[in-house]
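Written out below as structure tokens is the structure these notes cover.
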Amino acid sequence: NYQKVKRREVNFMGNRESFEKNMRRRVEAIRHVSDHSIFNELRGKIVDYNYDEKRVTMEYEVGDFHRNGFNIMFGGSLVGMFDITFGTLTSGLGDYDIAPTVQLSTSFLKGVPIGSTVTVKAEAVSTGKTIMNFMGKAYVGDELVGSATGIFKTPRPFKTFR
């Protein structure tokens, strides 16, 4: 009965209406991202999100930009895909556009061929006033190629070190 317990732990910061409004805002913001941003280099797009399950699914096209010395996708690209997907979910969970990554742990399970489409599925494990926890899985087709967990800090005024 893990699913019921896990769902009770999620302390969502809004309601269905605000979640869907914030996700629509994020989709629109993605359309206007600079051509030279890492998001555009990763070629990510939101394909699905669900309020009740506190999850988002994104897809990324693996192109020559991602190629490593083994002629497969560079592992850092997969980390970036998880980071962007988790960050996008923060947009639905709160009334802000971005939340800083505190910790991101990624497991690489299989090499990803150039030309593939990577689907990243992420869900909120818990959300609070200052910290959010996520877990995600990456697939090429039906094949699991990676997994990750992430901790994100909810935006507050930050100290800037100069």
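The values are calculated or read from the model by the stated rules, or taken from the named source; none is laboratory data. All values reported here derive from a predicted model rather than from experimental measurement. No Cβ is skipped: glycine too gets one built from the backbone with ideal geometry, and neighbour counts run over all protein chains shown. Keep in mind that these areas ignore ligands, DNA and RNA; they rest on the heavy atoms of the full protein, side chains included. Shrake-Rupley method; radii C 1.70, N 1.55, O 1.52, S 1.80 Å.
Looking only at the stretch 45-81, count every residue that is surrounded by fewer than 16 Cβ atoms within 10 Å (Cβ to Cβ) and over 13 Å from the mean Cα position of the chain (by Cα) and tell me the total.
Number of matching residues: 14.
Considering (1) within 30 Å of residue 112 (Cβ to Cβ); (2) at pLDDT below 65, say which one residue 55 fails and leave the rest.
Failing condition for residue 55: (2).
When the residues of the stretch 136-162 are narrowed to those that are farther than 30 Å from residue 71 by Cβ, outside any loop (DSSP other than H, G, I, E, B) and open to solvent by 10 Å² or more (accessible area, probe 1.4 Å), which ends up modelled with the highest pLDDT?
Across the stretch 136-162, the extreme among qualifying residues is 151.
Which residues, counting only those in the stretch 107-125, are among the polar types (S, T, N, Q) and open to solvent by 30 Å² or more (accessible area, probe 1.4 Å)?
Scanning the stretch 107-125 gives 107, 117.
Given the criterion under 23 Å from residue 21 (Cα atoms) and of a type outside the set (Val, Ile, Thr), identify the matching residue among 116, 126.
Checking each option against the conditions leaves just 126.
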